[in-house]
Amino acid sequence: RDLPMGGDLITRDIARFFNVDFDRAENMKFGGNLGNISPRTLQNIFARHVELFASELKRTLEFFTTNLERDHVKSIFLSGGAAATYGFASALEGETGIPVHMVDPFRLVGVDPNVFDSDYLMQVGPSMAVAVGLALRHERDKADA
């Protein structure tokens, strides 16, 4: 089931609510300078989107659990740009009762700390999952794609 929700919707809601352009709203979403904007109001916008997505995902999981004779979902792994949205992982875990983990595509990749900032890699990791996965493919995998 496709859930057409994501960080872009949150950014557009922030832009509309605070009457700012998309780039400014995106910056605010990721903790940039809020100026005279209340962080509490921003958290309320996050909460609305997080609750909506969590409840939709819970319904999807219930559908599959009810209609398919398979093992229940034991863990949820989040990736993508919106994965680190304030309160998202904890709300999803609370709504579904399933442990939620952030994807860390750099976990098993050797990284030189003199070249790459480990804090930065942890921050961008969830949004880099597809890129890292593609980079790790073997040449023979590319021929089959």
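The values are calculated or read from the model by the stated rules, or taken from the named source; none is laboratory data. This structure is a prediction, so every number in the text was calculated from the model and none was measured. A quick note on method: Cβ atoms are made from the backbone with ideal geometry, for glycine too, and the neighbour counts reach across all protein chains shown. Accessible surface areas use protein heavy atoms only, side chains included; no ligands, DNA or RNA. Shrake-Rupley method; radii C 1.70, N 1.55, O 1.52, S 1.80 Å.
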Only one residue in ARG12, ARG24, ARG16 is surrounded by 11 or more Cβ atoms within 10 Å (Cβ to Cβ), farther than 30 Å from VAL132 by Cβ and among the charged types (D, E, K, R), so which one is that? ARG16
Just one of (1) more than 17 Å from the chain's Cα centre (by Cα); (2) surrounded by 15 or more Cβ atoms within 10 Å (Cβ to Cβ) trips up GLY35, so point out which. (2)
Only one of these conditions is not met by ASN114: (1) in a loop (DSSP other than H, G, I, E, B); (2) touching a Phe, Trp or Tyr at 6+ places or on another chain (Cβ under 8 Å). Which number is it? (2)
Would you pick out the residues in the stretch 110-145 that are surrounded by 13 or more Cβ atoms within 10 Å (Cβ to Cβ) and among the β-branched types (Val, Ile, Thr)? VAL124, VAL132
Select from the stretch 54-90 the residues that are surrounded by fewer than 17 Cβ atoms within 10 Å (Cβ to Cβ) and without any contact (Cβ under 8 Å) to a residue 24 or more places away in the chain and list them in ascending order. ARG59, GLU62, PHE64, THR65, THR66, ASN67, LEU68, GLU69, ARG70, ASP71, HIS72, SER90
Of the numbered conditions (1) outside any helix (DSSP H, G or I); (2) open to solvent by 60 Å² or more (accessible area, probe 1.4 Å), ARG48 satisfies every one except a single condition; which is it? (1)
Provide a single number: the residues in the stretch 71-102 that are in a loop (DSSP other than H, G, I, E, B), of a type in the set (Ser, Thr, Tyr) and more than 21 Å from GLY31 (Cα to Cα). 1
